[in-house]
Structure formats: C-alpha cells, structure tokens
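**Q** My structure is below; once you've seen it, I'll send some questions.
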Amino acid sequence: MRRQREDGYEVSDDPARLDLDTIHGFLRTAYWSPGVTRETVDSSVAGSLPMGLYAPDGAQAGYARAVTDRATFGYLADVFVLPEHRGRGLSRFLVRALLEHPDLATLRRWMLATADAHGVYEALGFTPLDDPDRWMVRGPRPQVSGDGQA
Ligand SMILES: CC(C)(COP(=O)(O)OP(=O)(O)OC[C@H]1O[C@@H](n2cnc3c(N)ncnc32)[C@H](O)[C@@H]1OP(=O)(O)O)[C@@H](O)C(=O)NCCC(=O)NCCS
C-alpha cells in the first residue's frame, strides 16, 4: 500500500523501504521505549504491519506499526513524526493509512495507549475506555504522567 499527498509526503507499508537506523534512533529515546535495542526494533517490525512516512526527498519522516492478527484486532504502536516534519497533519495521514489498510479491513477493534497525544487519535475515532473495569494490563506501570505505550 502506498499513498502520496499533494505536497509529496508519502506513506508505504513496504518494510524494505524503512530506514531502521532512523527508526531505532528515535525509538531508543522515546518516552515509551527508552533504550530499546536495535534487535528488538527489528523483531517488532518483522512481527507487525509497519507503515513508513517519507518526506518528498524520500527520507524517513515518521513511522507507526500495527500489532495485529490481520483479522480481528489491532494495536497501534510506536507512532512518531520527526520534529522537523510536525504540525502538517502528517501523524493523521500516517495513522489513517494503517486504519484503512486493506489487510486490516475486518478488524473489530483497535487500541492504543498515549501519554499526551490523545488529540491526534480522537480525530480518527479513538475514545477513552467506556468500561475500564473490564480491561487488565500486565507489565510496567505508569511512572509520572502515564506509561505512554504508543
Ligand atoms: C504526536 C505526533 C505524532 C504528532 O505528529 P504531527 O504530525 O505533528 O501531528 P499532526 O500535524 O498530524 O496533528 C494532528 C492533530 O493532532 C494535534 N496534535 C498534534 N500533536 C499533539 C499532541 N502531542 N497532543 C495533542 N494533540 C496533538 C494537532 O494539533 C492536530 O490537530 P488539528 O488538526 O485540530 O490542528 C508528534 O508530535 C510526535 O511524533 N511526537 C513524539 C512522539 C509521540 O509522542 N508519539 C505519539 C505517542 S502516542
């Protein structure tokens, strides 16, 4: 899947296009994955449906991935747009490409966690949990302002 905006920004699900040095460079400093190893990033790409965001010159401008069975459920993870490309609606362009990916058309539910970017996802139909008492989580707990798994 490939989509291009009029200004030349592009999204692609081709894993071969991903600049994994840039993606790892961002994720190892992200609040939700500090110090993540290159091996873990490589494995996470291989086990997900990745979506790369590319600037008009072809450089990696952002990234997101769906952790999914490609049938019923998807978890949106590792969403970022590099600082020099922010504020142009690119996160919405990137996430929408995953939500509308043909392989994910039958998903019944998407989930994500975010510390502070709720506004990005609300515009794409995400809402807070209606029934948090039905949900459970295992793993690291929020530190100060949320555990921020993206
Ligand atoms: C969050 C992030 C992906 C937004 O990327 P972006 O391309 O600048 O966002 P967009 O330009 O597509 O903005 C889309 C909308 O979300 C809003 N928005 C952007 N960043 C936001 C944030 N951190 N919190 C709340 N709303 C935000 C914008 O105002 C815009 O709304 P509008 O169209 O009504 O003006 C980017 O700032 C980023 O990579 N941050 C660091 C990593 C991160 O926090 N990732 C998200 C983890 S869940």
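**Q** For the chain, with only Lys/Arg (+1) and Asp/Glu (-1) charged at the beta-carbon, what is the dipole magnitude about the Cα centre, in debye rounded to 20?
**A** Rounded to the nearest 20 debye, it is 200 debye.
**Q** Something else now. To test your reading of the geometry: what angle, between 0 and 90 degrees and rounded to tens, separates the Cα axis of helix 90-99 from the longest principal axis of the chain?
**A** That works out to roughly 70 degrees.
**Q** According to the square roots a ≥ b ≥ c of the eigenvalues of the Cα gyration tensor, what is the shape class of segment 24-88, taking rounded for a/c under 1.5, prolate for a/b larger than b/c otherwise, and oblate for the remainder?
**A** Oblate is the answer for segment 24-88, as a/c is 1.5 or above yet b/c matches or exceeds a/b.
**Q** To the nearest Å, what is the center-to-center distance of segment 53-74 and segment 1-32, using C-alpha atoms only?
**A** Between the Cα centre of segment 53-74 and that of segment 1-32, the gap is 6 Å.
**Q** Across segment 118-132, in residue order, what do the Karplus-derived ³J(HN,Hα) couplings come to in whole Hz, using 6.51 cos²θ - 1.76 cosθ + 1.60 with θ = phi - 60° and x for Gly and Pro?
**A** Running phi through 6.51 cos²θ - 1.76 cosθ + 1.60 with θ = phi - 60° gives 3, x, 4, 8, 4, 5, 10, x, 7, 9, x, 5, 6, 9, x Hz.
**Q** In whole Å, largest first, what are the principal axis extents of the Cα atoms in the chain?
**A** 46, 34, 29
**Q** Once the Cβ-Cβ distance between Asp57 and Met111 is put in as r, and R0 is 30 Å, what FRET efficiency do you end up with, to the nearest 0.05?
**A** About 0.30, to the nearest 0.05.
Each value in this text was obtained by applying a stated rule to the coordinates, not by laboratory testing. Computed from a predicted model, the values in this text were never measured in an experiment. Glycine gets a Cβ as well: all are built from the backbone with ideal geometry, and neighbour counts include every protein chain shown.
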